[in-house]
Amino acid sequence: MCSHRLRSASLILALALSARAEARTDLVVFAAASLREAFVDLGSRFEQSHPGTKLVFNFAGSQELRTQIAQGAPADVMASADQKHMQALVDEKSAVAPKIFARNEPVLVVPKGNPAGVRSLRDLPRARRIVVGAPEVPIGAYTLRILDAASRPFGSDFRRQVEARVVSRELNVRQVLAKVNLGEADAAIVYRTDAATQNGVEVIAIPVDLNVVAEYPIAVLTRTRQPALAAAFVDAVLSPAGRDVLARFGFRPGE
């Protein structure tokens, strides 16, 4: 009799767990690597306000995420670190009505102690080992724009001098930052928000007149299986509460 009751209880528990799993709705969000901490926080808040919803994040370089979407990877929302890759998705009819939800600022980072003695952007060629983002990666494209702008006041060969010291071109900004944090590079350009996640680096501001503003667009993807829920998450990111979360992680407001 006792054994029968145990089996019945186990069956009821299994059915309850199965029903709970079936009731759960996954929302898949592809997001630029630099958004990791902020979006994990936003996702947790969204789950609390939408019982039964589970946020599934894929963090990577925006160019990698765009490629995955183009190849048919299932996703509901895309948040990019630049407008180029988002616009490509719009042109391919893979995303609709993107909105700028945040802005960011590139900075120069060096390891603690600054062994190469890099005190400003002008000093960057002093570094023996520089790591940058690959050209197709948003932070890599922003870096090239900064180097081109710096070549005006610092000399026409400034970009060439810097590129001669480049030892690695990484596929997302977190990989760039990791090289500096581990002491494998003397300097790099990353986003200010990323630099704030590591204690092993020092931050050097880039002059405003030479710097760029990184704009982050977000959009619902056309192949989403959860259009209403995806739109609700985008609205949550754009809401005053969402902006407060992003600001806490160092992002500036978008539109």
Practice prompt. With a cut-off of at least 3 residues that are open to solvent by 10 Å² or more (accessible area, probe 1.4 Å), name the strands (runs of 3 or more DSSP E) lying wholly within segment 183-255.
Written response: 201-204
Worksheet, complete the sentence: With the first residue restricted to segment 112-140 and required to be farther than 15 Å from N181 by Cβ, and the second required to be at pLDDT 95 or above and polar (S, T, N, Q), Cβ contacts under 7 Å at 6 or more apart or on different chains are P125/Q161; V132/T143; G133/T143; E136/Q63; V137/Q63; V137/N172; P138/S62
Discussion item. Please count how many residues of segment 89-99 are surrounded by fewer than 18 Cβ atoms within 10 Å (Cβ to Cβ) and either in a strand (DSSP E or B) or of a type in the set (K, R) (or both).
Written reply: 4
Discussion item. Tell me the residue from V212, V180 that is in contact with a strand residue (DSSP E or B) (Cβ under 9 Å, 6 or more places away or on another chain) and closer than 19 Å to G117 by Cα, please.
Written reply: V180
Worksheet item: From D123, D82, which residue is touching a strand residue (DSSP E or B) at 6+ places or on another chain (Cβ under 8 Å), open to solvent by less than 60 Å² (accessible area, probe 1.4 Å) and charged (D, E, K, R)?
Response: D82
Discussion item. Go through (1) among the polar types (S, T, N, Q); (2) in a helix (DSSP H, G or I); (3) without any contact (Cβ under 8 Å) to a residue 24 or more places away in the chain for Q161 and report which single condition fails.
Written reply: (3)
Practice prompt. Output the number of the condition that K112 fails; it satisfies all remaining conditions of (1) out of contact with any Gly (no Cβ under 8 Å at 6 or more places or on another chain); (2) surrounded by fewer than 17 Cβ atoms within 10 Å (Cβ to Cβ).
Written response: (1)
Worksheet item: For residues in segment 149-177 being of a type in the set (S, T, Y) and more than 30 Å from A31 (Cα to Cα), which is least open to solvent (accessible area, probe 1.4 Å)?
Response: S151
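Return yes or no: is Q175 part of a helix (DSSP H, G or I) and touching a Leu at 6+ places or on another chain (Cβ under 9 Å)? Outline the logic, then answer.
On the way: part of a helix (DSSP H, G or I): yes; touching a Leu at 6+ places or on another chain (Cβ under 9 Å): no.
For Q175, the condition - part of a helix (DSSP H, G or I) and touching a Leu at 6+ places or on another chain (Cβ under 9 Å) - is not met.
Among residues belonging to segment 60-79 that are closer than 16 Å to G133 by Cβ and in contact (Cβ under 8 Å) with a residue 40 or more places away in the chain, point out the one that is most open to solvent (accessible area, probe 1.4 Å).
The first filter runs over segment 60-79 and keeps only residues closer than 16 Å to G133 by Cβ, leaving 60-67.
With in contact (Cβ under 8 Å) with a residue 40 or more places away in the chain added as a condition, the list becomes 60-64.
Details: A60: 6, G61: 4, S62: 2, Q63: 22, E64: 73 Å².
Checking each candidate, the answer is E64.
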Fill in: When residues of segment 129-148 are limited to those that are over 20 Å from A32 (Cα atoms) and outside any helix (DSSP H, G or I), the one least open to solvent (accessible area, probe 1.4 Å)
I130
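The values are calculated or read from the model by the stated rules, or taken from the named source; none is laboratory data. Values in this document were obtained by computation on a predicted structure and should not be read as measured data. Every residue, glycine among them, receives a Cβ derived from its backbone with ideal geometry; neighbour counts consider all protein chains shown. Areas reflect the complete protein model, heavy atoms only, side chains present, ligands, DNA and RNA absent. Shrake-Rupley method; radii C 1.70, N 1.55, O 1.52, S 1.80 Å.
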